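The values are calculated or read from the model by the stated rules, or taken from the named source; none is laboratory data. Quick caveat, the model's predicted, so the values are computed rather than measured. Counting neighbours? That spans all protein chains shown, and the Cβs are built from the backbone with ideal geometry, glycine included. Surface accessibility is based on the protein's heavy atoms, side chains included, excluding ligands, DNA and RNA. Shrake-Rupley method; radii C 1.70, N 1.55, O 1.52, S 1.80 Å.
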Amino acid sequence: MCKTPVDKFEGEITVEPMRAFPLVRDLVTDVSQNWEVARAIPPFTTNEKTDHVWSMRQADVDRSRDFRKCIECFLCQDVCHVVREHKADYIGPRWVVKAASLDMHPLDSVNRSDYLKSDAGIGYCNITKCCQEICPEHIIITDDAIIPEKERVVDAHYDPILWLYRKLRRR
Ligand code: SF4
Ligand code: SF4
(Lines give C-alpha, C1' and ligand atoms only; values in the text may rest on other atoms or scores of the structure.)
(Ligands and ions follow the chains in the order given, each with its own letter.)
Protein backbone atom coordinates (compact mmCIF):
# COMPACT_ATOMS: atom_id res chain seq x y z
CA MET A 1 0.00 0.00 0.00
CA CYS A 2 3.06 2.27 0.10
CA LYS A 3 2.62 5.14 -2.34
CA THR A 4 6.01 6.81 -1.96
CA PRO A 5 7.57 7.31 -5.44
CA VAL A 6 10.73 5.21 -5.76
CA ASP A 7 12.54 8.05 -7.57
CA LYS A 8 12.56 10.02 -4.30
CA PHE A 9 15.44 7.82 -3.17
CA GLU A 10 18.98 7.31 -4.39
CA GLY A 11 20.82 4.00 -4.35
CA GLU A 12 19.56 0.64 -3.23
CA ILE A 13 16.19 0.28 -1.49
CA THR A 14 15.52 -2.68 0.79
CA VAL A 15 11.88 -3.66 1.30
CA GLU A 16 11.25 -6.28 3.96
CA PRO A 17 8.43 -7.40 6.27
CA MET A 18 8.17 -6.03 9.78
CA ARG A 19 10.23 -8.05 12.23
CA ALA A 20 8.16 -7.61 15.39
CA PHE A 21 5.30 -9.75 14.07
CA PRO A 22 5.02 -13.31 12.76
CA LEU A 23 5.54 -13.56 9.02
CA VAL A 24 2.54 -14.75 6.99
CA ARG A 25 3.99 -14.49 3.48
CA ASP A 26 6.17 -12.15 1.39
CA LEU A 27 5.76 -8.75 3.07
CA VAL A 28 2.65 -9.73 5.03
CA THR A 29 2.88 -10.10 8.81
CA ASP A 30 0.27 -11.12 11.35
CA VAL A 31 -0.39 -8.01 13.48
CA SER A 32 -3.46 -9.43 15.22
CA GLN A 33 -1.76 -9.36 18.64
CA ASN A 34 -2.28 -5.60 18.50
CA TRP A 35 -6.04 -5.97 18.58
CA GLU A 36 -5.79 -8.04 21.75
CA VAL A 37 -3.77 -5.25 23.39
CA ALA A 38 -6.29 -2.67 22.15
CA ARG A 39 -9.14 -4.59 23.75
CA ALA A 40 -7.29 -4.84 27.09
CA ILE A 41 -6.77 -1.09 27.56
CA PRO A 42 -9.35 0.25 30.04
CA PRO A 43 -11.73 2.19 27.76
CA PHE A 44 -12.91 5.78 28.04
CA THR A 45 -15.33 6.05 30.94
CA THR A 46 -16.76 9.22 32.38
CA ASN A 47 -18.60 10.20 35.52
CA GLU A 48 -20.12 13.15 33.66
CA LYS A 49 -23.81 13.00 32.88
CA THR A 50 -24.46 11.93 29.32
CA ASP A 51 -27.72 13.83 28.88
CA HIS A 52 -26.10 17.20 28.32
CA VAL A 53 -23.52 18.63 25.92
CA TRP A 54 -19.96 18.09 27.09
CA SER A 55 -17.69 21.07 26.75
CA MET A 56 -13.90 20.96 26.60
CA ARG A 57 -11.26 23.67 26.71
CA GLN A 58 -9.24 24.13 23.52
CA ALA A 59 -6.04 23.39 25.48
CA ASP A 60 -7.43 19.96 26.41
CA VAL A 61 -8.38 19.27 22.79
CA ASP A 62 -4.91 20.30 21.61
CA ARG A 63 -3.09 18.17 24.18
CA SER A 64 -4.07 14.86 22.61
CA ARG A 65 -5.02 15.96 19.08
CA ASP A 66 -1.84 14.53 17.52
CA PHE A 67 -2.42 11.14 19.13
CA ARG A 68 -5.55 10.74 17.01
CA LYS A 69 -3.47 11.06 13.83
CA CYS A 70 -2.19 7.49 14.36
CA ILE A 71 -2.81 5.35 11.24
CA GLU A 72 -1.87 2.11 13.04
CA CYS A 73 0.97 1.34 10.68
CA PHE A 74 2.78 -0.28 13.68
CA LEU A 75 6.19 0.95 12.56
CA CYS A 76 6.76 2.21 16.09
CA GLN A 77 6.01 -1.27 17.44
CA ASP A 78 8.35 -2.78 14.87
CA VAL A 79 11.29 -0.51 15.68
CA CYS A 80 10.94 -0.87 19.46
CA HIS A 81 13.61 -3.27 20.74
CA VAL A 82 11.53 -3.93 23.88
CA VAL A 83 8.51 -5.05 21.86
CA ARG A 84 10.74 -7.31 19.78
CA GLU A 85 12.43 -8.89 22.79
CA HIS A 86 9.68 -8.84 25.45
CA LYS A 87 6.45 -8.94 23.42
CA ALA A 88 4.32 -10.34 26.21
CA ASP A 89 5.59 -7.89 28.80
CA TYR A 90 5.25 -4.50 27.08
CA ILE A 91 2.30 -3.24 25.06
CA GLY A 92 4.51 -0.98 22.93
CA PRO A 93 4.51 2.68 21.92
CA ARG A 94 1.35 2.65 19.76
CA TRP A 95 -0.68 1.49 22.73
CA VAL A 96 0.90 3.87 25.21
CA VAL A 97 -0.18 6.62 22.79
CA LYS A 98 -3.71 5.21 22.94
CA ALA A 99 -3.69 5.07 26.75
CA ALA A 100 -2.33 8.63 26.89
CA SER A 101 -5.07 9.90 24.59
CA LEU A 102 -7.63 8.45 27.01
CA ASP A 103 -5.83 9.64 30.15
CA MET A 104 -5.52 13.18 28.77
CA HIS A 105 -9.21 13.41 27.97
CA PRO A 106 -10.58 15.85 30.58
CA LEU A 107 -13.86 13.93 30.95
CA ASP A 108 -12.28 10.53 31.41
CA SER A 109 -12.43 9.26 35.00
CA VAL A 110 -10.45 6.01 34.81
CA ASN A 111 -7.16 5.57 36.67
CA ARG A 112 -4.96 3.52 34.30
CA SER A 113 -1.79 3.71 36.40
CA ASP A 114 -2.14 0.12 37.75
CA TYR A 115 -2.70 -1.18 34.22
CA LEU A 116 0.25 0.79 32.83
CA LYS A 117 2.57 -0.44 35.58
CA SER A 118 1.61 -4.12 35.52
CA ASP A 119 -0.13 -5.45 32.39
CA ALA A 120 1.16 -2.72 30.06
CA GLY A 121 4.75 -2.96 31.34
CA ILE A 122 5.54 0.69 30.70
CA GLY A 123 8.60 0.39 32.96
CA TYR A 124 10.31 -1.63 30.21
CA CYS A 125 10.51 1.41 27.93
CA ASN A 126 13.90 3.04 28.33
CA ILE A 127 13.05 6.16 26.31
CA THR A 128 15.38 5.56 23.38
CA LYS A 129 12.93 7.54 21.19
CA CYS A 130 13.35 5.22 18.17
CA CYS A 131 9.54 5.01 17.93
CA GLN A 132 9.23 8.78 17.90
CA GLU A 133 11.79 9.16 15.12
CA ILE A 134 10.09 6.66 12.81
CA CYS A 135 6.42 7.70 13.15
CA PRO A 136 5.16 8.77 9.68
CA GLU A 137 2.49 10.94 11.32
CA HIS A 138 5.16 12.79 13.34
CA ILE A 139 3.48 11.96 16.63
CA ILE A 140 5.83 12.93 19.46
CA ILE A 141 5.39 9.48 20.97
CA THR A 142 8.05 9.47 23.68
CA ASP A 143 7.96 13.07 24.87
CA ASP A 144 4.22 13.67 24.67
CA ALA A 145 2.79 10.23 25.50
CA ILE A 146 5.26 7.81 27.08
CA ILE A 147 6.99 10.20 29.49
CA PRO A 148 3.72 11.70 30.83
CA GLU A 149 2.30 8.19 31.27
CA LYS A 150 5.45 7.08 33.11
CA GLU A 151 5.10 10.14 35.35
CA ARG A 152 1.50 9.16 36.06
CA VAL A 153 2.66 5.72 37.22
CA VAL A 154 5.43 7.20 39.39
CA ASP A 155 2.97 9.67 40.98
CA ALA A 156 0.48 6.90 41.73
CA HIS A 157 2.92 4.26 42.99
CA TYR A 158 6.12 5.89 44.20
CA ASP A 159 5.17 9.33 45.54
CA PRO A 160 6.46 9.19 49.18
CA ILE A 161 3.75 11.54 50.48
CA LEU A 162 0.98 9.49 48.89
CA TRP A 163 2.63 6.30 50.17
CA LEU A 164 2.65 7.68 53.74
CA TYR A 165 -0.94 8.89 53.39
CA ARG A 166 -2.14 5.45 52.26
CA LYS A 167 -0.20 3.72 55.05
CA LEU A 168 -1.72 5.97 57.70
CA ARG A 169 -5.22 5.47 56.27
CA ARG A 170 -4.83 1.70 56.46
CA ARG A 171 -4.15 1.85 60.24
S1 SF4 B 1 11.19 4.98 23.49
FE2 SF4 B 1 10.37 3.19 24.56
S3 SF4 B 1 8.63 2.57 23.27
FE4 SF4 B 1 9.90 3.94 22.02
S5 SF4 B 1 11.29 2.55 20.89
FE6 SF4 B 1 12.36 3.19 22.77
S7 SF4 B 1 11.90 1.58 24.27
FE8 SF4 B 1 10.40 1.37 22.60
S1 SF4 C 1 4.33 4.83 14.00
FE2 SF4 C 1 2.93 6.55 14.49
S3 SF4 C 1 1.21 6.25 13.07
FE4 SF4 C 1 2.34 4.32 13.09
S5 SF4 C 1 1.31 3.08 14.69
FE6 SF4 C 1 3.01 4.17 15.68
S7 SF4 C 1 2.07 6.04 16.51
FE8 SF4 C 1 0.65 5.23 14.97
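Filter the GluC sites (Glu not before Pro) in region 104-171 down to the DSSP loop ones having no more than 16 other Cβ atoms within 10 Å, then list what survives.
Numbers: sites: 133, 137, 149, 151; in loops: 137.
Passing both the DSSP loop test and the Cβ count: 137.
Using a 4.7 Å Cβ cut-off, which Cys residues in the chain lack a partner cysteine?
2, 70, 73, 80, 125, 130, 135
Return the loop-located trypsin sites (Lys or Arg not before Pro) in region 20-74 (DSSP other than H, G, I, E, B) with at most 11 other Cβ atoms within 10 Å of their own Cβ; answer none if there are none.
Loop-located and lightly packed - 49, 57.
Could you check how much of the accessible area of the chain is carbon and sulfur, as a whole percent, using a 1.4 Å probe? Numbers along the way, then the final one.
Values: 6190 of 11640 Å².
Carbon and sulfur: 53 percent of the exposed surface of the chain.
How much length is gained if the chain between residue 170 and residue 129 is pulled fully straight, taking 0.36 nm per residue apart and subtracting their Cα-Cα distance, in nm to one decimal?
On the way: separation 41, 0.36 × 41 = 14.76 nm, distance 3.99 nm.
Working it through step by step, the gained length comes to 10.8 nm.
With n ≥ 4 as the cut-off for DSSP H runs, can you work out [θ] at 222 nm for the chain, using -39500 (n - 2.57) per run divided by the number of residues, rounded to the nearest 500?
Result for the chain: -11000 deg cm²/dmol, rounded to the nearest 500.
In whole Hz, with x marking every Gly and Pro, tabulate ³J(HN,Hα) for region 61-70 from phi via Karplus 6.51 cos²θ - 1.76 cosθ + 1.60, θ = phi - 60°.
Those phi angles translate into 5, 5, 4, 10, 4, 4, 4, 7, 7, 4 Hz.
Please list, in order along region 151-167, the HN-Hα scalar couplings obtained from phi with the Karplus expression 6.51 cos²θ - 1.76 cosθ + 1.60 (θ = phi - 60°), rounded to whole Hz, x for Gly and Pro.
For region 151-167, the Karplus curve yields 4, 4, 5, 4, 4, 6, 10, 10, 5, x, 6, 5, 4, 5, 4, 5, 5 Hz.
Among the lysines, which fall within straight-line cross-link reach of residue 167, defined as a Cα-Cα distance under 26 Å, with same-chain neighbours fewer than 8 residues apart omitted?
List returned: 117, 150.
With springs only between Cα atoms under 10 Å, which of 18, 104, 56 fluctuates most in a Gaussian network model of the chain?
56
Comparing 34, 47, 126, which has the greatest mean-square fluctuation in the GNM of the chain with Cα pairs linked when under 10 Å apart?
47
Nearest 0.05, what FRET efficiency do residue 86 and residue 15 give at R0 = 41 Å with Cβ-Cβ as r?
Calculated transfer efficiency: 0.95.
What figure in square angstrom, to the nearest 10, would you give for the accessible area of residue 165 with a 1.4 Å probe?
120
Give the shape of the chain as rounded, prolate or oblate, defined through the alpha-carbon gyration tensor: a ≥ b ≥ c are the square roots of its eigenvalues, a/c under 1.5 means rounded, and otherwise the shape is prolate if a/b is larger than b/c and oblate if not.
Taking the square roots of the gyration eigenvalues as a ≥ b ≥ c, the chain is prolate.
Convert each backbone phi in region 21-27 into a coupling constant with the Karplus relation 6.51 cos²θ - 1.76 cosθ + 1.60 (shift: θ = phi - 60°), then list the ³J(HN,Hα) values in order as whole Hz, x for Gly and Pro.
Karplus values, whole Hz, x for Gly and Pro: 10, x, 6, 8, 5, 6, 9.
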